[in-house]
1. Just to be sure I follow: if Rg is taken over the C-alpha atoms of the chain and Rh is the Kirkwood radius over the same atoms, what is Rg/Rh?
2. Can you figure out the FRET efficiency of Y10 with L119, using R₀ = 41 Å and their beta-carbon distance, to the nearest 0.05?
3. Can you give me the distance in nm between label points at C27 and A41, each placed 7 Å from the Cα along the Cα-to-Cβ direction?
4. Could you please put S102, S118 in sequence from largest to smallest accessible area, using a 1.4 Å probe?
5. How would F40, F31 line up by accessible area, probe 1.4 Å, largest first?
6. Leaving out ligands, DNA and RNA but keeping every protein chain, what accessible area does Y114 have, in Å² rounded to the nearest 10, with a 1.4 Å probe?
7. For the chain, what is the charge dipole size about the Cα centre, in debye to the nearest 20, if Lys and Arg each add +1 at the Cβ and Asp and Glu each add -1 at the Cβ?
8. When only Cα pairs under 8 Å and 6 or more residues apart are kept, what is the percent relative contact order across the chain?
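The values are calculated or read from the model by the stated rules, or taken from the named source; none is laboratory data. In this text the structure is predicted, and so the values were computed from the model without any measurement. In this analysis, Cβ positions are derived from the backbone assuming ideal geometry, glycine residues included, and neighbour counts consider all displayed protein chains. Ligands, DNA and RNA are excluded from the accessible area calculation, which covers all protein heavy atoms including side chains. Shrake-Rupley method; radii C 1.70, N 1.55, O 1.52, S 1.80 Å.
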Amino acid sequence: MADAPSDGFYVPPTLLRDVPAGHRLTCDEVFGPVLAAMPFADEAEAIRLANATDYGLVAGVWTRDGARQLRLARAVQSGQVFVNNYGAGGGVELPFGGVKHSGHGREKGFEALYGLTSLKTVVLRHG
């Protein structure tokens with residue numbers, strides 16, 4: 001990229017297809033405009049492939065089937081799941097964070113506040 005600083009590593013948006021299961025691109029957390037696409041035979045295999053990583057920050061599901069959308073969103077081990085769209089974060093009211101090695105806790109929203117507070121129960125007997 002002509003306007004990219006010379007002291008960094010930059011790639012244009014890249015689609016890599018037919019990436020084999022277990023490849024570093026499918027198991028590591030890749031930050032950048034890179035999509036590693038993998039073929040799958042059925043929904044069960046798609047879930048198995050999606051969850052076969054130590055990371056789980058953000059996932060995307062594309063399908064017109066409403067029941068499948070919810071089934072996959074529940075089954076994929078990820079802090080956020082986008083259905084028929086993809087983006088990072090959302091508004092300040094939407095908790096953001098990952099699962100597995102992609103982080104602990106949540107940023108933004110009420111969920112983030114819970115990590116900064118301690119719950120205390122006080123029980124009083126009157127009389």
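1. Expressed as Rg/Rh, it is 1.11.
2. After rounding to 0.05, the efficiency reads 0.35.
3. Taking the two extended label points, one gets 2.2 nm.
4. Largest accessible area first, the list is S118, S102.
5. Greatest to least solvent exposure: F31, F40.
6. 140
7. The dipole of the chain has a size of about 640 debye.
8. Worked out over the chain, it gives 16 percent.
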